[in-house]
């Protein structure tokens with residue numbers, strides 16, 4: 001009879017008991033997934049949540065939100081802003097090439 005070991009899986013994101021800060025929100029789940037991937041690749045643990053869970057506190061907020069540890073918030077916001085600027089510049093270049 002084989003023994004079953006209880007291996008613990010690595011954490012999927014920051015500890016929910018830590019102070020978490022919202023660094024991104026989007027109505028598009030795909031956009032939020034791309035941003036989460038960006039943060040993951042930079043070594044910043046993030047938590048992707050449905051915005052509907054905060055409807056009582058913030059009516060009208062929907063879509064997806066990304067939360068990170070408070071100490072990672074500034075770095076995460078900088079990475080996201082840099083990525084959005086790069087995307088906007090690429091979009092402009094695509095429009096000017098005919």
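The values are calculated or read from the model by the stated rules, or taken from the named source; none is laboratory data. Everything numeric here is computed off the predicted structure, so don't read it as measured data. Neighbour counts are summed over all protein chains in view; Cβ atoms, including those assigned to glycine, are modelled from backbone coordinates with ideal geometry.
Here are the numbers for the structure shown:
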{"quantity": "Considering residues of the stretch 70-87 that are buried (at least 16 other Cβ atoms within 10 Å of the Cβ) and within 11 Å of residue 38 (Cα to Cα) only, the residue farthest from the chain's Cα centre (by Cα)", "calculated": "79"}
{"quantity": "Candidate set from the stretch 17-56 (those that are loosely packed, with under 10 Cβ neighbours inside 10 Å and closer than 18 Å to residue 69 by Cβ); member that is modelled with the lowest pLDDT", "calculated": "17"}
